[in-house]
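The values are calculated or read from the model by the stated rules, or taken from the named source; none is laboratory data. Note that the structure is predicted; figures quoted are calculated from it, not measured. Here the Cβ positions follow ideal geometry from the backbone for every residue, glycine too, while neighbour counts run over all protein chains shown. All accessible areas refer to the heavy atoms of the entire protein, side chains included, with ligands and DNA or RNA removed. Shrake-Rupley method; radii C 1.70, N 1.55, O 1.52, S 1.80 Å.
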Amino acid sequence: MADDDREQSEGAVSRRAFLKGGAAATGALSATLMPGVAEAQLPLAKDADPRLTTVDLRVNGVAYRKEVPNSRTLVEFIREDLKLTGTKVGCDRAMCGACTVILNGRNVYACSMLAVEVSGGDVTTIEGLGTTDALHPIQQAFIEKSGFQCGFCTSGQIMSTKALLDKMPRPTEDDARLLMSGNLCRCSAYKRILESVMTASRLLQA
Amino acid sequence: MDNFSYARPATLRDAASQLGREHNRVMLIAGGTDVLGELKDHLREPERLVPIRHLKELQGIRPSRTGLRIGAATLLADIAESDVIRQQAPVLAMAAGKVGTPQIRNMGTIGGNICQRPRCWYYRNNYPCFKHGGNTCFSAAGENDFHAILEGGPSFIVHPSDTAPALVALGATVRISSGSRERSVPIAEFFVTPRQDARRENVLQPNEIVTELEVPSAPAGSKAIYVKEMVREMWDFALCSVAAMVTVQNGVVQNARIVLGGVAPRPYRAAAAETALVGKALDEASATAAGEAAVQGARPLAKNAYKVPLTQAVVKRALLSLA
Ligand code: FES
Ligand code: FES
């Protein structure tokens, strides 16, 4: 994503930043057709730009409203606009699972959805589970069983575990393998991830 | 990813009215799992995306006179888990459950799954091949490990969908709308060979939207399975897959549908394999014969000859599991 877009979406309070973002967003057309137009003559109404949309999203119980370029992915919205950086980006192509979050009760790849597409939705990220002082039982289980090595895939693994256990509180190991199959672990901690899922199921029953 | 215009249409008619006369200027987005990959890799750079997943005309699984009507925006996860689809069209539920991963099935729709673009690495790396409007298929004399062994040429892509072979086996009908005009196309005619149209995989016009799939119930007493062979156990496209549906009465096969995925530019109905089965007992000998018949006429490329015995084995294994 272009720097202009980033500047735009991070609040975009300054008029200069807005104009810069707007010009970038409308692209070659405004740049070539109106090379000499003074800033003051450019349109003021941001919402009139069909390439920007105001997104409404509940994330971890908090309502956010933000205008972003239509091309903003959900994971960019979460990490860059909301600064919730617990969700990771590995491949950015629905091929690793690091970006997994829960959208309206289902685990999804936040790298492969647009923020505008999920506007009106309800998202839970890793920050919505526990805190360092009060861990969620799933987080506790991953720590107890060392369900990770480097930890990069872990927030995604934990969000898939949450979706899995919400749907099926007492999975068999085979159920768990199947429902965790959309999260790769480059460190190959799979055996311990599976133990963590099964332990989390027990902790949540207790 | 370049930016684009975007506005949620209120109705199917509104959505269709935003579409133009070219395929790539305005693009539909449903689940987006394929579209966003194409946009990020600049395979297509549309001015506008038209979202359709929310449209009420595209929702729901309803009974019909002959079976079920499935809205094109139905999520693959909901198809895999639907009790009524499991009962009436089990091969479709099985195939939907083999797509990608739980996350992809939570995002992707059935309409998108049958309309997805090929996975050919030349296409995905933006080589100017037929699919990009060019006049050549780089796989023909290039890296063709995963390409077509049947119905290939002049393009050698394989159709990547899992649900498509199941829908062909069931004899589904695709409902299509351009807003002002509706039409129904039998699914076997929905997909095209590269000889019919090397640039596209189906008959959908730039101003048309797949709205619904009419899926007849599987014949009474039939058994079905979807088997998918991949490089790894999951999260991949098929090297070869088979949707097999067989009705056995008094120990004899009355009716068989065998449709292959991953080996041809469209879901491939292996008619010779079906013929080889009908009138026989479903056993090792007839399953082997059907496997051999399934690859009749196969013309492997330099690096994909392995798909011939693989397909034979997958067909045989699928059938024996139904015996
Ligand atoms: S970052 Fe989304 S799946 Fe890899
Ligand atoms: S812990 Fe390192 S990638 Fe999974």
Handout entry: Nearest-10 value in Å² for the accessible area of residue B:268, using the 1.4 Å probe
Key = 40 Å²
Problem - Candidates B:252, B:295, B:242: whichever shows maximal mean-square fluctuation once chain B is modelled as a Gaussian network with Cα springs under 10 Å - result: B:252
Completion exercise
Largest-first semi-axes in Å of the equivalent ellipsoid built from the Cα gyration tensor of region A:52-128 are 17, 14, 11
Fill in the blank from the handout: Note: probe point = Cα of residue B:124 + 7 Å toward Cβ; backbone nitrogen < 20 Å; residues of region A:156-189 passing the test are A:181-186
Exercise for the section: Compare B:138, B:190 by solvent-accessible area with a 1.4 Å probe and give them largest first, with all protein chains kept in place. Expected result: B:138, B:190
Fill in the blank from the handout: Here, residue B:84 and residue B:321, labelled 7 Å along Cα→Cβ, have an inter-label distance in nm of 2.7 nm
Handout entry: From the C-alpha gyration tensor of chain B, square roots of 5λ in Å
Key = 32, 25, 16
Problem - At R0 = 41 Å, FRET efficiency that the Cβ-Cβ distance of residue A:135 and residue B:7 yields, to 0.05 - result: 0.45
Practice task
Could you order A:95, B:94, A:159 so the one with the most accessible surface comes first? Probe is 1.4 Å.
Solution key: A:95, B:94, A:159
Exercise for the section: Output the Cα-based Rg and Dmax of region A:137-205 in Å, rounding Rg to one decimal and Dmax to a whole number. Expected result: 10.4, 30
Practice task
Report the equivalent ellipsoid semi-axes for the protein assembly as shown in whole Å, largest first, defined as the square roots of five times the eigenvalues of the gyration tensor built from alpha carbon atoms.
Solution key: 40, 30, 21
Completion exercise
Restricted to region A:52-128, the DSSP antiparallel beta bridge percent, nearest 5, is 90 percent
Exercise for the section: Please figure out what share of the DSSP beta bridges in chain B is antiparallel and state it in percent, rounded to the nearest 5. Expected result: 85 percent
Practice task
Can you run the Rg to Rh ratio on region A:74-206? Use alpha carbon positions and the Kirkwood inverse-distance Rh.
Solution key: 0.94
Problem - Estimated distance in nm for a label pair at residue B:180 and residue A:48, the labels positioned 7 Å out from Cα along Cα-to-Cβ - result: 3.1 nm
Completion exercise
Length gained if residue B:14 through residue B:296 is fully extended, taking 0.36 nm per residue and subtracting the Cα-Cα distance, is 96.8 nm
Handout entry: Probe 1.4 Å, all protein chains present, accessible-area order of B:235, B:121, largest first
Key = B:121, B:235
Fill in the blank from the handout: Summing -39500 (n - 2.57) over every DSSP H run of at least 4 in chain B, dividing by its residue total and rounding to the nearest 500, the 222 nm mean residue ellipticity is -7500 deg cm²/dmol
Exercise for the section: Write down Rg/Rh for region A:95-151, rounded to two decimals, with Rg from the C-alpha atoms and Rh from the Kirkwood relation over Cα pairs. Expected result: 1.03
Completion exercise
The relative contact order of chain B, taking Cα pairs under 8 Å that sit 6 or more residues apart, comes to a percentage of 17 percent
Practice task
Would you kindly find the accessible area of residue B:175, with a 1.4 Å probe and non-protein molecules such as ligands, DNA and RNA excluded, rounding to the nearest 10 Å²?
Solution key: 60 Å²
Practice task
List the residues whose amide H sits under 5 Å from the amide H of residue B:50, counting only those 5 or more places along or on another chain, with H placed 1.01 Å from N in the peptide plane.
Solution key: B:27, B:28, B:29
